């Protein structure tokens, strides 16, 4: 029996190494549903070799049962519980042991501990979702305050100015009203963006999410736009992905308003554990050293707050390139 247990120990060690390697390297998420059943099989085999269903090793059944409960999948938890019960009954049958009060007590304790663990996991998940919802609401409030509210206030003030000028200088009033059409359009785009965030549906990947946003913003642009994005971009943190969308939005708005460009390109790619977003145009350009305020300064602050870096390259008459780089969270690097 000692030799058999030694072989089983070697098998269990190899299993743990393979399991760890597949968990770290493999993108096959269905493996996490297989491991608990393998755990049950190994525990059952060990009890059969020990020929003692009441051995302390029996308590290890708690580990796969707790994993099943934590998955929050009822059918999976029930299936694994049935597998564990069948395995233990097999041990009792093979070893010829009779059921006793102590055995029943052990079974009850394991069941209670697994249920308690699952309850704790559910409570923690509920608190996490509540915290995420509160963070989203606070972020949305900031977006409304910094975005559409400012645009509407500006629009209101300028229209009041135009109304005051209308009796004496109607031409100047018409110029103001014409110029503020763009402010009204930006406010409309901002509303669309906020509504889309409220109705957000998880995208398959970051590239799909970005294309959806760009298409929604591109209906009135006068320049040609090329979007280049890898088909398998890793997901970033919520703040970083939001900063990427805002960067593209602000840059393309500036191209439309100031650059007089014929073409613009948005490129999003994964590079060495980072996601890089670059917006390039062939427009009038400007002196990048003079950027100390306005929209790009706000974008820089947003990018830095999300843990990224921003570079702006531009010269008069030679177009503009704005590039932001964000690190991929370590747990997601393997998804690239």
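Every number here is computed from the coordinates shown, using simple stated rules; none is lab data. Everything quoted here is computed from the prediction, not taken from an experiment. No Cβ is skipped: glycine too gets one built from the backbone with ideal geometry, and neighbour counts run over all protein chains shown.
Assorted remarks:
- Segment residue 208..residue 318, full-extension length gain: 36.5 nm, with 0.36 nm per residue of separation and the alpha-carbon distance subtracted.
- Gain upon complete extension [residue 3, residue 59; 0.36 nm per residue less C-alpha separation]: 17.9 nm
- Cα convex hull, the stretch 147-200: 50 Å³ per residue, rounded to a whole number.
- What the Cβ-Cβ distance of residue 262 and residue 181 gives, at R0 = 22 Å and to the nearest 0.05, is a FRET efficiency of 0.50.
- Label-point separation, residue 97 to residue 311 (7 Å along Cα→Cβ), nm: 6.6
- FRET efficiency for residue 116 and residue 89, using Cβ-Cβ distance with R0 set to 22 Å, rounded to 0.05: 0.35
- Extension gain, residue 78 to residue 107: 0.36 nm times the residue separation minus the Cα-Cα distance gives 8.9 nm.
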